[in-house]
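Single-structure report; data block below.
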Amino acid sequence: MNRPIVIVPYMWMRQCWAYGQQTVDAYKAGLNEQSRALARNGIETSVQVQTMGRVAEVAVCLWARLDPFAVLNWGNICDAGFDLVLAGFKFDIKASRGGAQYLIWPITKNHLFNIKSFDVLALVRVDDARCELVGWIDKEIFRIHHDVAPDGHKLQPGTWFMHESRLYPFNRDAWSIAA
């Protein structure tokens with residue numbers, strides 16, 4: 001399957017790295033304590049991981065021909081439960097590295113899933129500036145049909161996930177985006 005590939009330009013990569021540093025600094029300054037309490041594996045202290053997440057969001061914006069400065073939250077306070085709005089739907093973009101095959105919902109946030117304000121979860125694989133828009137699923141389908149990582153699984157036990165083969169492809173026609 002040919003999935004969209006977005007190469008994030010250097011100008012945007014610089015902005016993403018600055019945002020990643022800003023986010024880590026905000027956590028260190030005591031901002032976003034509720035979000036920090038839910039963080040796992042030290043992601044709140046990793047500029048690289050914070051940057052990777054922002055690169056994935058920028059890639060979706062560029063693919064959809066949206067201005068990342070206009071649609072993404074570039075401030076110090078965490079987002080409102082979604083990253084961007086596309087065709088009237090609130091997207092929560094999940095970034096993974098390299099050969100990751102799963103769209104995940106972190107175990108530390110399982111109890112918040114139903115109250116989070118998003119309509120769509122999307123998986124983007126990030127390799128520096130190269131982003132593969134793997135797929136998306138609407139919130140209700142994920143809620144009903146997600147798998148749960150058992151003991152011995154690659155993912156942390158209890159993590160909600162969905163294999164990439166079960167996601168819908170990114171398709172401009174589905175989102176009424178001009179080619």
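The values are calculated or read from the model by the stated rules, or taken from the named source; none is laboratory data. Since we're looking at a predicted model, the values are computed, not measured. Cβ coordinates were reconstructed from backbone atoms using ideal geometry, including for glycine residues, and neighbour counts include every protein chain displayed.
Brief remarks follow.
- Within the set Val47, Val60, Val85, the sole residue that is under 20 Å from Ser117 (Cα atoms), surrounded by fewer than 17 Cβ atoms within 10 Å (Cβ to Cβ) and either at pLDDT 75 or above or under 14 Å from the mean Cα position of the chain (by Cα) (or both) turns out to be Val85.
- Yes/no for Lys139 being buried (at least 16 other Cβ atoms within 10 Å of the Cβ), charged (D, E, K, R) and either modelled with pLDDT under 95 or farther than 21 Å from Val24 by Cβ (or both): yes
- Subset of the stretch 88-132 [in contact with a helix residue (DSSP H, G or I) (Cβ under 8 Å, 6 or more places away or on another chain), of a type in the set (Val, Ile, Thr) and crowded, with 18+ Cβ neighbours inside 10 Å]: Ile93, Val120, Val124, Val126
- Members of the stretch 155-176 found to be among the charged types (D, E, K, R), free of Cβ contacts under 8 Å to residues at least 40 places away in the same chain and out of contact with any helix residue (DSSP H, G or I) (no Cβ under 8 Å at 6 or more places or on another chain), listed by number: Arg172, Asp173
- Being β-branched (Val, Ile, Thr) and either more than 17 Å from the chain's Cα centre (by Cα) or at positive phi (or both) holds for only one residue in Val120, Val124, Val148, Val134, and it is Val148.
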